[in-house]
1. I'd like the FRET efficiency for ASP140 and ALA306, computed as 1/(1 + (r/R0)^6) with the beta carbon distance as r and R0 of 56 Å, rounded to 0.05.
2. Within 10 Å of each residue's Cβ, count the other Cβ atoms and sort LYS2, LYS44 from fewest upward.
3. When only alpha-carbon atoms count, how far does region 131-277 stretch along each of its three principal axes, as whole angstroms with the largest first?
4. Is the C-alpha gyration tensor of region 112-218 telling us rounded, prolate or oblate? Criteria: a/c under 1.5 is rounded; beyond that, a/b larger than b/c is prolate, otherwise oblate.
5. What is the ratio of the Cα radius of gyration of region 142-190 to 2.2 N^0.38 Å, with N the residue count, to two decimals?
6. Given q = 0.11, 0.14, 0.16 Å⁻¹, what are the Debye log10 I(q)/I(0) values for region 11-115, with equal point scatterers placed on the Cα positions and solvent ignored?
7. With a 10 Å radius around each residue's Cβ, average the other Cβ atoms per peptide and rank 19-29, 159-169, 274-284, highest first.
8. Determine the dipole magnitude for region 2-370: charges of +1 sit on the beta-carbon of Lys and Arg, -1 on that of Asp and Glu, nothing else is charged, the reference point is the Cα centre, and the result goes in debye to the nearest 20.
Amino acid sequence: MKLLDQWCAVQGVPGTDRAMSTFPAVICLPPGELLLAYRIGSTKDSDDEAIEVCRSLDGGRTWTPPERPFASVLDGVRGSLKVLYWTRVAPDRLLACTMWVDREAWPGQPLFNAATEGCLPMAIAIASSADGGRSWGPWDRVTLPREVGPPSLTAPLLVLGPGHLAMSIESNKDWQDASPWMQRVVHFHSRDGGRTWPECVVTGEDPSGRVFNWDQRVAQAADGCLATFTWTYDSQDKVYRNIHRRVSGDQGRTWSPPEDLGITDQAGHPAVLADGSVVLPWVDRFGDRSIKVRRAASLTAPFAAASELSLYELPTPPASGRQSTGELLADMGVWTFGLPFACALPDGNVLVLFYAGEAGQLDIRAALLRP
């Protein structure tokens, strides 16, 4: 692969509620319009966080002024929007799926409780647009089983067939719950276009509770094959393991055993190209302290080391020292780079968006790659 160019797509504004631009997600709409969503706030975890949206007609070089079309109030409760993903289900119909955080239940508290490893109440909500994302209907809250706990949304909704959607959800514990965290990732399936989600398939779990499967990203090939890429954490040794891949050839009903890709540590959203090849971005926080990408010939093929490119390197080292799992989760707010999202463009190139910057300002940055 070749790195063609890099630039700043969205600039944070220090000292304001737009200081921290993070968590980008982009979709390419025919004939090539890009729709970008990203989270903004005064800090990386704040009750003033919201989702901004902008468009590009030139491959991400320039963007329209940001808009905030999505309300942070859900069912009458004041909250914040942490992340939002797009899914195209028809030529002009889009779904916006968001992870909403309840900011009234525990006022002034951060998302994660370092003492219990629990988190604030959260919910998943979906809005629909019939005009390519130019206007949106109200939020529709997704009803999920109580045992999931506060749900984390880790990927865009998948379209598996007419009316058949799948949603990747990571389980969490309630804020005050000090019991052992039996973390897992599940895919909920809807057969009625997202109105109900009765089917549940576990896609990442350690029954012993030792290994956590975090931030599971999902890729879908043109032939329907699915692959997940999971950030793997060993809660006993307090270390990150390599990214693990699982593959499904039956619309997510069954999954292969986890495969160690030899890449550390947090996967970003992959791009699947027209020829079936895959570009996987990831974040190496504790090794090279960088954001990198590799390419594979298919969802099941190796990611060759020879294809590796570095998109960003942290100029200063992070704080050292072993932390408890709760402390580690609470400290996610101090990281100044991460969460790359790759998108295949109509010209065959790949656009990768990620956040990076300094303690008081984070920007959304772009990298253009030629596979």
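None of the figures in this text is laboratory data; all of them are computed from the coordinates on show. What you see is a predicted model; the values in this text were computed from it and never measured. All Cβ positions, even for glycine, are placed from backbone atoms using ideal geometry, and neighbour counts span all protein chains on display.
1. Rounded to the nearest 0.05, the efficiency is 0.75.
2. Numbers: LYS2 9, LYS44 22.
Ordered by Cβ neighbours within 10 Å, fewest first: LYS2, LYS44.
3. Taking max minus min along each principal axis of the Cα atoms, region 131-277 gives 49, 41, 29 Å.
4. Working: a/c = 2.43, a/b = 1.70, b/c = 1.44.
Prolate, because a/c is 1.5 or more and a/b exceeds b/c.
5. Values: Rg = 12.5 Å, N = 49, 2.2 N^0.38 = 9.7 Å.
Here the Cα radius of gyration is 1.29 times the empirical estimate.
6. Computed log10 I(q)/I(0) values: -0.38, -0.59, -0.75.
7. On the way: 19-29: 23.0, 159-169: 18.5, 274-284: 20.3.
Those peptides, ordered most packed to least, come out 19-29, 274-284, 159-169.
8. Values: 34 positive and 43 negative charges, 91 e Å.
Magnitude of the dipole: close to 440 debye.
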